[in-house]
Every structure is written in structure tokens, then in C-alpha cells.
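Taking it in order: structure first as C-alpha cells, then the write-up.
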Amino acid sequence: DVFWGMASTNMSWMDERTNKKRERDSLVLYVLILVFFFSCQFGHGSNIGVAVSLPGNSKAMNLALGSWVMMGVCLGLPLTPWAIRTFGEFNVVAVCTVLDVVAMLLMTIPGITLHQIYAVRFLVGFFEAPFLPYLQEWLARHGSHNWNVWNAILHAMVPLGENVGFILAQELVNAGYSWRWAFVGQAIAFGGSALLCLAYGGRRYLDFAEESVTKTDSRGSQGSEEKVVSEVEYPSTEKWGVYWATNASLAAQLGFLGGCKYVIRDYALSRGFGLHVILATFSGIALLGPALGGSVAMSGSIVQPDKWGQHKRTLIF
């Protein structure tokens, strides 16, 4: 009895140590994922910064520069579930990440024309379509105990990255540098964070198909492998209406904000406001809304986005 008691205590200590290591690894990967997702949005903001800085009077052509990304996302979204079921989440995201880096670097080609930029930005949006669905599932598996907080912070990277890119691209142009440097920096941050995620987490933490836990009983015998179960509530079957209502509306929202950045900047300049005042004011407004909405989601007092049973309340909110 004493022997088995000591063995049980030792196994409990080992399980606790394993759980703490897993939580630490998940936190490190989460930080790297934030950098990864931030750099995605940074490129979209830089894209609009380029659009408003291009010479010429054709506002429609410059504004269209920000719309092609959203068109690529909207085309890639309906293909994402099929691709994931066919090839697996990890493989789809890995291939799209490599192709997205290549598309980012195409923006740095000297002498690239406006219509070629349209095509490149479309490809960027298309290859980035699987990222958010994948990251949502990753959070559900590795951030289930802090899902509302982690999810809100992840989505905060959208306005934060966009506004930083929007400001930096224009500052580069105003300082006499090429806007291409913004996309060079994006490719380095994006590709570097992806490589660090792969090096640190590997397929064990990033490939859902291979993710499993092995339980060992107090006698040291190996138990059966079980899939990691998320504490986030999912519907029992696919809900395409909700899928489109959330993802397509997010893409439309980002496209609308991109247009606002151009129109507000142009209007404010015509009224004599300084560029830095315009950038600071618009960025502050664009960050305030997500911060308020994110804080509500994190508190769980009004809506609980991690509970499928409350999806109607969440969508209405």
C-alpha cells in the first residue's frame, strides 16, 4: 500500500509537471502566432498606405488596391473547408504560408505596375483565407481555459496590424523611402514567426491530426491514446449560414475600413489637417471599437462567444 501510494503521488507530480510544460509551450506558441497574425494584417494596412500615397488622380484605381485582398479572401473561404477535409489543416496552412510569403515578396519587384499589384494582393487574400479558421481551432484546443481572452487579443491584431502598416507605409513615402520596404519587413516577420512556430511546436502542437495525449496509469503501463478534447462548445454539424455570416461579414468590414482610410485621409487633407493628426485620429478610432467589443467578449458578462448555445445572442450583439 505504501509503495502504490508513493507511485501514485509520483505519477500525479509527473502529470502536473507535464501539464505545466504544455501550458508554457502553448503560451509561447500563442505569442508567436500573434506576431504571425499581426504581420498578416500589417500587410493589409501597408497596402492601403501604398494606395493613398500613389501618384495620380484616379481615386477609384487606388482604392481598388485595397479591395482585391478582400476578393481573394472571399474566394478562398468557401474552398477552405473542402481543402482542410481533403489535405488536413496543417498541410493546407503550411502550403498557404509559403505561397503567401512568395506573394508578399512579389510586391518588392522593381517597376511593378498597378494592375500587377492588383493580382498580387488578390493572391495574398486567397492564400490567407485558411489562416483564421485554423487559428480558431488551435485556440479551442490549446487556449480553451483562456479562450475568450486569447481570442479577443488575437482579433485585436487585425486593427492593430492594419493601422501600424497604414501609418508606416505613408511615413516611408513621406521620408523619401520606397514603400516596398514595408512589405520586405512584413515578409521577414511573417515568415520568421511561422518558422519559429514550426521549430518550437512542431507537428505535435500544430497538426491536429497527430495531436493526442497518452495516459499512463499508476502501475506504469501505457494507456490508450485519446484525442485532445476542447472545452469550447462547437455545433454537432457544420453550420454554413453562421460560417458565412461571420467570415464574409469580417471580410466586408475590413474592405469598408480600408475605403474609409482613403476617404477620410483625402477629406482631412483638403481641410488643412496635418498628416500625423489624421493618422493618429483615425487609428485611435479604429482601435477603440475593437477594444470595447473585445473587452465585452473577454468578460463573458453579456455574450460568451466560446459557447455554441449562445451563438444567436453573440451574432445579435
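Values in this text are rule-based calculations from the coordinates and carry no lab data. Keep in mind it's a predicted model, so treat the numbers as computed, not measured. Backbone-built Cβ (ideal geometry, glycine too); neighbour counts: all protein chains shown.
Highest mean first, how do 171-182, 271-282, 98-109 rank when packing is the count of other Cβ atoms within 10 Å averaged over residues?
Values: 171-182: 15.2, 271-282: 13.0, 98-109: 18.2.
Highest to lowest by the protection proxy: 98-109, 171-182, 271-282.
Kindly rank 123-135, 158-170, 196-208, 24-36 from highest to lowest mean number of other beta carbons found within 10 Å of each residue. Can you show the working numbers first?
Details: 123-135: 21.8, 158-170: 23.6, 196-208: 15.8, 24-36: 18.0.
Packing order, densest peptide first, comes out as 158-170, 123-135, 24-36, 196-208.
The share of Cα pairs per 10 Å bin across the stretch 145-214, counted from zero up to the longest distance, runs 16, 29, 32, 16, 6, 1 percent.
Label-to-label distance, R271 versus A248, with points set 7 angstrom from Cα along the beta-carbon direction: 3.5 nm. A simple spin-label model places the labels of K21 and N146 2.0 nm from each other, with each point 7 Å out along Cα-to-Cβ. If R0 is 25 Å, what FRET efficiency do you get for V31 and S295 from their C-beta distance, rounded to 0.05? E between V31 and S295, to the nearest 0.05, is 0.75.
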